[in-house]
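Single-structure report; data block below.
The values are calculated or read from the model by the stated rules, or taken from the named source; none is laboratory data. Since this is a predicted model, take the numbers as computed values, not measurements. Counting neighbours? That spans all protein chains shown, and the Cβs are built from the backbone with ideal geometry, glycine included. Quick note on the areas: whole protein, heavy atoms, side chains included, nothing else; ligands and nucleic acids left out. Shrake-Rupley method; radii C 1.70, N 1.55, O 1.52, S 1.80 Å.
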Amino acid sequence: MDQHKLRSHVFERTGIRIDTDDPIFALVALNEAVLAETVERQLAVLNTATEALAAQACATGGLPPLAMPLALGVADRRWFTPREWRLLGAAAIVSLASSLLVLAGAALLWR
C-alpha cells in the first residue's frame, strides 16, 4: 500500500488533502488484512470443493484417476486422454462444417 499514491488519489477525486499520518490509513490497513483473511478462507473452500468435484468426476468415469491429490500440484498424466482427443476432433470438424455452411450461405445470399 503506497500511502502517497492513495493520498494523491483522494485529493484528485475529492479535493480533500489528507496527511500520511491520518488515521484513515489505519482503516485502509485493517481493510487489507480483513480482505486477505477472507480471500484465504474462500480459496480454501474453493480448493476443497474442487477436489470433491474432481473425485466425483473420477468416480463417475468423467475423468481418469489422478496420480496425486490436487492440493499437491498438477497430476502426473498426459494432457488429454484418447477420449478427449476424439471429442476435440469432433468439435473441430463441427466448427469447420459450421464455418463452411455460413460462408456458403453468405456467398449464395450475396449474389
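List of remarks:
- Conditions (1) open to solvent by 60 Å² or more (accessible area, probe 1.4 Å); (2) of a type in the set (A, V, I, L, M, F, W, C); (3) in contact (Cβ under 8 Å) with a residue 12 or more places away in the chain: number failed by V28: (1)
- So V74, is it surrounded by 10 or more Cβ atoms within 10 Å (Cβ to Cβ), among the β-branched types (V, I, T) and at pLDDT below 90: no
- Hits in the stretch 98-111 - residues which are open to solvent by less than 60 Å² (accessible area, probe 1.4 Å) and of a type in the set (A, V, I, L, M): A104, A106, A107
- Contacts under 8 angstrom Cβ, first residue in the stretch 78-97 being surrounded by 10 or more Cβ atoms within 10 Å (Cβ to Cβ), partner not in a helix (DSSP H, G or I), 6 or more apart: T81/P64; L88/F80
- Entry remark, the stretch 31-64: residues being without any contact (Cβ under 8 Å) to a residue 12 or more places away in the chain and under 30 Å from T81 (Cβ atoms) number 17 in total.
- Inter-residue pairs, beta-carbon under 7 Å, first open to solvent by 80 Å² or more (accessible area, probe 1.4 Å) and in the stretch 1-24, second among the polar types (S, T, N, Q) and part of a loop (DSSP other than H, G, I, E, B), 6+ apart: H4/T20; R7/T20
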